[in-house]
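Taking it in order: structure first as structure tokens, then the write-up.
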Amino acid sequence: MLTAIRGGRVVTPLEVFDRADVLIENGSIVAVGPGVAQGEVEETIEAEGQVVAPGYVDVHVHGSAGHDTMDGTREAIEGMARFFASRGVTSFCPTTLTARAEAITTSVRTVHECQESPIEGGAQPLGVHLEGPYIDASKKGAQPEEHVRTASVGDYKDFFALGNIRLITLAPEIEENRELIPFARSRGAVVVVGHSSASYEEMVEAVKLGVNHATHTFNQMQGLHHRKPATVGAVLLLEEIYAEFIADGVHLHPAIVDMIVRLKGPEKALLITDAISGAGMPDGEYELGGQKVVVKEGAVRLVDGTLAGSCLTMDQAVSNVRRFTGRPLKECIQMATLTPARSIGVAHRKGSLEPGKDADVVILTPDLEVATTMVGGKVVYRR
Ligand SMILES: [Zn+2]
């Protein structure tokens, strides 16, 4: 069956067509460009006056709509997936927290099950982002300290058993954790520096071992000093590294967002939400890894005031980064689509509107509000 999205401003995102069509067949994109939707089209979606972009890809997100990856249930992943679809997200990596091994393994298995039998009417999980437990306790943020530990095979082998770990955030300055880097790479995982005090020199070594991605740049990593460039200096300067950042206006000053994007470029800077269960919910008290967190006025904090994830959504992140940096729309969309897809090695299927790729599409109003979200050629959300 042929579906056409007609007449929108198409941001692929590497190219922009002021008025073009996207033609979809059997869940894949078959053509993109002006006037390609000729002939026998069974379903037409009019997109005149709207922006047509690839669906957003969020590689670091704990929860939303009252659900958390650590709930370890299909219901939780489905609830998250449906909420994300309403915010333009078509793929995501459910993100775990520092916890007991059994709790992490349960979540990894649940995500695997959702990958094997896809979720109806929502974004699709692309595998797990393990955030911790092998981090530096002094940079724990909202990660429960009692479960922080160093990597050991006995502890982590079950995490990797199903082959669905897409990313693992760790502190590479700790020797035992460093030994896990080649193993994680061999299992197809991206190794991410985060919750870390690594020096610049330790980061240079970590990159040689295979680290090429950074968790929420600046937050919970050793900061920049003119005689100690440290973790942040390395993340900003080493070209290999993809830099996640949280553009909620709370975790980072808008000028720092601008700095990250200028230094890394839209090819290496990527938007994440790091959202927790309180995202998409009213202000109030929620839970994160057994700890009480308070959602108030767009921020999530532990009782002691430590930031504990966000209640950011991807559509908002795209609007914010545009406002904070003044960059062209195509670059802002690139940082929510193609760059995250490339960073986790799925850009052959995801992250841009090109023939042969999955028909994961978001249609946006001129104000970048989500009007329609499509996953694999099926509409999963309509405003
Ligand atoms: Zn996180």
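Points to keep in mind about this one:
- Ratio of the Cα radius of gyration of segment 56-343 to 2.2 N^0.38 Å, where N counts its residues: 0.90
- Centre-to-centre, using Cα atoms only, segment 119-176 and segment 334-383 are separated by 26 Å.
- Loop-resident GluC sites (Glu not before Pro) (DSSP state other than H, G, I, E or B) in segment 44-124 with no more than 15 further Cβ atoms inside 10 Å of their Cβ: GLU48, GLU120.
- For segment 92-218, the Cα gyration tensor yields ellipsoid semi-axes of 24, 15, 14 Å (square root of five times each eigenvalue, largest first, whole Å).
- The packing ranking of peptides 205-218, 145-158, highest mean first, is 205-218, 145-158, where packing means the average number of other beta carbon atoms within 10 angstrom of each residue.
- Under the criterion of Cα pairs below 8 Å and six or more residues apart, the relative contact order for segment 56-343 equals 18 percent.
- Extension gain, GLU102 back to LYS157 (0.36 nm per residue minus Cα-Cα distance, nm): 18.6 nm
- Label sites at LYS296 and SER186, each approximated as a point 7 angstrom past Cα along Cα to Cβ, lie 5.0 nm apart.
- Sparsely packed trypsin sites (Lys or Arg not before Pro) within segment 1-107, loop by DSSP, other Cβ within 10 Å at most 16: ARG100
- Dividing the helix sum by the residues of the chain, where each DSSP H run of 4 or more adds -39500 (n - 2.57), gives a mean residue ellipticity at 222 nm of -7500 deg cm²/dmol.
- Cβ-derived FRET efficiency at R0 30 Å, ARG349 paired with ARG109, nearest 0.05: 0.80
- If the chain linking ASP304 and GLU25 were pulled fully straight, counting 0.36 nm for each residue of separation and taking away their Cα-Cα distance, it would gain 95.2 nm.
- Separation of the GLU40 and THR365 label points, Cα + 7 Å toward Cβ, nm: 3.8 nm
- Net length available on complete extension from GLU15 to LEU263 is 87.1 nm, with 0.36 nm assigned per residue and the Cα-Cα distance removed.
Taken together, the values in this text are just the output of simple stated rules run on the coordinates, not laboratory data. Values in this document were obtained by computation on a predicted structure and should not be read as measured data. In this analysis, Cβ positions are derived from the backbone assuming ideal geometry, glycine residues included, and neighbour counts consider all displayed protein chains.
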